[in-house]
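*Asks:* Let me give you the structure first, and then I'll get to my questions.
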Amino acid sequence: MQLQAAALLRSFSLMQVVVSDQASDLIEESGGRLYVWPKTSRCCRAVTTLATSNDPPRRREFVRVETGEQFELYLDTRLRRLPDELHLDLHRFPRRVEAYWNGCAWVV
């Protein structure tokens, strides 16, 4: 697993994090940490999106990545590749942070 984490960290330097002020504020209000992992749909497994939480889900390993933001960002070590841009924005109802792969709702 350490090899995967090291590869993820190397490729992270190529990824840009684009975060809205509202999302950054919510992350700070919720403890200052954000965990991001891929989530595959149950119905057909053809669509993968990104899920987020302020607490790490069980049975997943994460690596902290530097963002230059005031919050800590952790990515799932099972991500085989990273987007060019990871967008973080506020979803209003229910109020939560959404992550987008190169601005898309699904991982491509």
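*Asks:* Go through segment 88-102 and report how many residues are free of Cβ contacts under 8 Å to residues at least 40 places away in the same chain and small (Gly, Ala, Ser). Give the derivation first.
*Replies:* Of the residues in segment 88-102, the ones free of Cβ contacts under 8 Å to residues at least 40 places away in the same chain are 91-94, 102.
Cutting the leftovers down to small (Gly, Ala, Ser) gives us none.
The total comes to 0.
*Asks:* Hey, another quick one. Take the residues in segment 21-54 that are of a type in the set (D, E, K, R) and either assigned to a helix (DSSP H, G or I) or modelled with pLDDT of 95 or more (or both), then tell me which one is surrounded by the fewest Cβ atoms within 10 Å (Cβ to Cβ). Spell out the reasoning first.
*Replies:* To start, the set of residues in segment 21-54 that are of a type in the set (D, E, K, R) comprises 21, 25, 28-29, 33, 39, 42, 45.
Subset that is either assigned to a helix (DSSP H, G or I) or modelled with pLDDT of 95 or more (or both): 21, 25, 28-29, 33.
Working: 21: 8, 25: 14, 28: 13, 29: 10, 33: 17.
So, considering only residues that are of a type in the set (D, E, K, R) and either assigned to a helix (DSSP H, G or I) or modelled with pLDDT of 95 or more (or both), the one surrounded by the fewest Cβ atoms within 10 Å (Cβ to Cβ) is 21.
*Asks:* Residue 10 passes all but one of (1) at pLDDT below 85; (2) of a type outside the set (Phe, Trp, Tyr); (3) crowded, with 18+ Cβ neighbours inside 10 Å; which number fails?
*Replies:* The single condition residue 10 does not satisfy is (3).
*Asks:* Is it the case that some residue within segment 70-87 is without any contact (Cβ under 8 Å) to a residue 60 or more places away in the chain, crowded, with 17+ Cβ neighbours inside 10 Å and of a type in the set (D, E, K, R)?
*Replies:* yes
*Asks:* Residue pairs, Cβ under 6 Å, 6 or more apart or interchain, first in segment 54-68 and closer than 19 Å to residue 19 by Cβ and without any contact (Cβ under 8 Å) to a residue 60 or more places away in the chain, second assigned to a loop (DSSP other than H, G, I, E, B) and among the small types (Gly, Ala, Ser). List them.
*Replies:* Pairs that qualify, where the first residue is closer than 19 Å to residue 19 by Cβ and without any contact (Cβ under 8 Å) to a residue 60 or more places away in the chain and the partner is assigned to a loop (DSSP other than H, G, I, E, B) and among the small types (Gly, Ala, Ser), are 54/30; 54/31.
The values are calculated or read from the model by the stated rules, or taken from the named source; none is laboratory data. All values reported here derive from a predicted model rather than from experimental measurement. Heads up, the Cβs are rebuilt from the backbone with ideal geometry, glycines too, and the neighbour counts pull from every protein chain shown.
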